[in-house]
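**Q** Here it is, the structure, as structure tokens.
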Amino acid sequence: MNICIIPARGGSKRIPKKNIRLFCGTPIIKWSIDAAFNSKCFDKVIVSTDSEEISNLSKSYGAEVPFIRPKNIPDDFTPTVPVINHAINFINQKYGLVKYACCIYATAPFIESKYIKIGFDKLVNEKANFSFSATSFPFPIQRAIMIDSNNRSKMFFPEEFNSRSQDLKSAFHDAGQFYWGKTASWLNNKSIFEDNSLPIIIPRHKVQDIDTFEDWERAEIMFKAIHD
């Protein structure tokens, strides 16, 4: 079977109740749940949470919450992969074997079901370990600078100082929306961004990392501009 796993921890220090905070009038996790269902890729859409409040809200939107996440994996320092692996192992034992699993973040309101479907099709047809959402940097990373302890600038790649922007290779980064993987790839802790992994390119204006209140406000402005 194919499953979607939406990690949604209850505690959030920078943005309280971040995973269920209203985004453009709707609890932000609902955008991810709806996109998962609309993609028609999944036999189960599961929310992995340590919070009864998130659990109850997620169930009201049609998602399954077959467990409350154990106390040893809901803290600030837990990476995503152990959370996904716990969910896969639980489903394997209780409901049958998982063939493909997709992690969708709860705070990804720009996510679109068509890209989830593209990610799945490419994963299967190209026999990859993972496929994941990515987007391009708006400026060549080879021209990036750092600021040292004396408040002086220094290029990361000084050898590229005289290179024209159009001659430099484009660079991409994780868009933070979805991560498809074969069950074996998840459980064997293979790297999501290396080896046999496929980036699914999302337009930059449909990608926004949300870690601060400023990020949240900017994301809502962008979202409204796209959907008005």
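**Q** Of the residues in region 195-228, how many are within 30 Å of Asn89 (Cβ to Cβ), of a type in the set (D, E, K, R) and either touching a strand residue (DSSP E or B) at 6+ places or on another chain (Cβ under 9 Å) or in a strand (DSSP E or B) (or both)?
**A** Count: 2.
**Q** If you don't mind, another one. So Ile116 passes all but one of these: (1) in contact (Cβ under 8 Å) with a residue 60 or more places away in the chain; (2) open to solvent by 30 Å² or more (accessible area, probe 1.4 Å); (3) of a type outside the set (Asp, Glu); (4) in contact with a strand residue (DSSP E or B) (Cβ under 8 Å, 6 or more places away or on another chain). Which condition number does it fail?
**A** Ile116 satisfies all of (1) in contact (Cβ under 8 Å) with a residue 60 or more places away in the chain; (2) open to solvent by 30 Å² or more (accessible area, probe 1.4 Å); (3) of a type outside the set (Asp, Glu); (4) in contact with a strand residue (DSSP E or B) (Cβ under 8 Å, 6 or more places away or on another chain) except (2).
**Q** Let me ask something else about it. Specify the residue that is farthest from Phe67 (Cα to Cα); the eligible residues are those in region 92-112 that are open to solvent by 40 Å² or more (accessible area, probe 1.4 Å) and within 15 Å of the chain's Cα centre (by Cα).
**A** Glu112
**Q** Now a separate question. With the structure loaded, tell me whether Asn72 is more than 30 Å from Ala225 (Cβ to Cβ) and either aliphatic (A, V, I, L, M) or within 17 Å of the chain's Cα centre (by Cα) (or both) or whether it fails that test. Quick ask: steps written out before the conclusion?
**A** Numbers: more than 30 Å from Ala225 (Cβ to Cβ): yes; either aliphatic (A, V, I, L, M) or within 17 Å of the chain's Cα centre (by Cα) (or both): no.
Considered against the rule, which asks whether it is more than 30 Å from Ala225 (Cβ to Cβ) and either aliphatic (A, V, I, L, M) or within 17 Å of the chain's Cα centre (by Cα) (or both), Asn72 comes out as no.
**Q** Every residue in region 124-159 that is out of contact with any helix residue (DSSP H, G or I) (no Cβ under 8 Å at 6 or more places or on another chain) and under 30 Å from Ala184 (Cβ atoms), please.
**A** Selection gives Val124, Asn125, Glu126, Lys127, Ala134.
**Q** Answer with yes or no whether Ala36 is touching a residue at least 60 places away in the same chain (Cβ under 8 Å) and open to solvent by less than 30 Å² (accessible area, probe 1.4 Å). Before you say what the answer is, go through the steps one by one.
**A** Numbers: touching a residue at least 60 places away in the same chain (Cβ under 8 Å): yes; open to solvent by less than 30 Å² (accessible area, probe 1.4 Å): yes.
Considered against the rule, which asks whether it is touching a residue at least 60 places away in the same chain (Cβ under 8 Å) and open to solvent by less than 30 Å² (accessible area, probe 1.4 Å), Ala36 comes out as yes.
**Q** Let me ask something else about it. Check region 46-58 and report whether any residue there is of a type in the set (Val, Ile, Thr), in contact with an Asp or Glu (Cβ under 7 Å, 6 or more places away or on another chain) and open to solvent by less than 50 Å² (accessible area, probe 1.4 Å).
**A** In the first step, residues of region 46-58 are kept if they are of a type in the set (Val, Ile, Thr); the result is 46-47, 49, 54.
Subset that is in contact with an Asp or Glu (Cβ under 7 Å, 6 or more places away or on another chain): 46.
When the remaining residues are screened for being open to solvent by less than 50 Å² (accessible area, probe 1.4 Å), the result is 46.
Scanning region 46-58 turns up at least one residue that is of a type in the set (Val, Ile, Thr), in contact with an Asp or Glu (Cβ under 7 Å, 6 or more places away or on another chain) and open to solvent by less than 50 Å² (accessible area, probe 1.4 Å).
**Q** Name the single residue, out of those in region 128-154 being free of Cβ contacts under 8 Å to residues at least 60 places away in the same chain, in contact with a strand residue (DSSP E or B) (Cβ under 9 Å, 6 or more places away or on another chain) and assigned to a loop (DSSP other than H, G, I, E, B), that is least open to solvent (accessible area, probe 1.4 Å).
**A** Top of the filtered list is Ala144.
**Q** How many residues are in contact (Cβ under 8 Å) with a residue 60 or more places away in the chain and either assigned to a loop (DSSP other than H, G, I, E, B) or open to solvent by less than 60 Å² (accessible area, probe 1.4 Å) (or both) when one looks only at region 155-186?
**A** Step one: list which residues in region 155-186 are in contact (Cβ under 8 Å) with a residue 60 or more places away in the chain, which gives 176-183, 186.
Among the residues that remain, those that are also either assigned to a loop (DSSP other than H, G, I, E, B) or open to solvent by less than 60 Å² (accessible area, probe 1.4 Å) (or both) are: 176-181, 183, 186.
Qualifying residue count, region 155-186: 8.
**Q** Do the conditions hold for Lys122, that is, is it in a helix (DSSP H, G or I), surrounded by fewer than 14 Cβ atoms within 10 Å (Cβ to Cβ) and not acidic (Asp, Glu)? Give the steps one after another, and end with the answer.
**A** Values: in a helix (DSSP H, G or I): yes; surrounded by fewer than 14 Cβ atoms within 10 Å (Cβ to Cβ): no; not acidic (Asp, Glu): yes.
So Lys122 fails the test.
**Q** Let me ask something else about it. Tell me, please, whether a residue that is closer than 15 Å to Tyr179 by Cβ, in a loop (DSSP other than H, G, I, E, B) and open to solvent by 50 Å² or more (accessible area, probe 1.4 Å) can be found in region 79-91. It would help to see each step written out before you state the result.
**A** Applying the first criterion (closer than 15 Å to Tyr179 by Cβ) to region 79-91 yields 79-85, 87-88.
This time we only want the ones that are in a loop (DSSP other than H, G, I, E, B), so: 79.
Now drop any that are not open to solvent by 50 Å² or more (accessible area, probe 1.4 Å), which leaves 79.
Looking for residues that are closer than 15 Å to Tyr179 by Cβ, in a loop (DSSP other than H, G, I, E, B) and open to solvent by 50 Å² or more (accessible area, probe 1.4 Å), one finds at least one in region 79-91, hence yes.
The values are calculated or read from the model by the stated rules, or taken from the named source; none is laboratory data. It should be emphasised that the depicted structure is a prediction, and the values quoted were computed from it without experimental measurement. Note that each Cβ is placed from the backbone with ideal geometry, even for glycine, and that neighbours are counted across all protein chains shown. Keep in mind that these areas ignore ligands, DNA and RNA; they rest on the heavy atoms of the full protein, side chains included. Shrake-Rupley method; radii C 1.70, N 1.55, O 1.52, S 1.80 Å.
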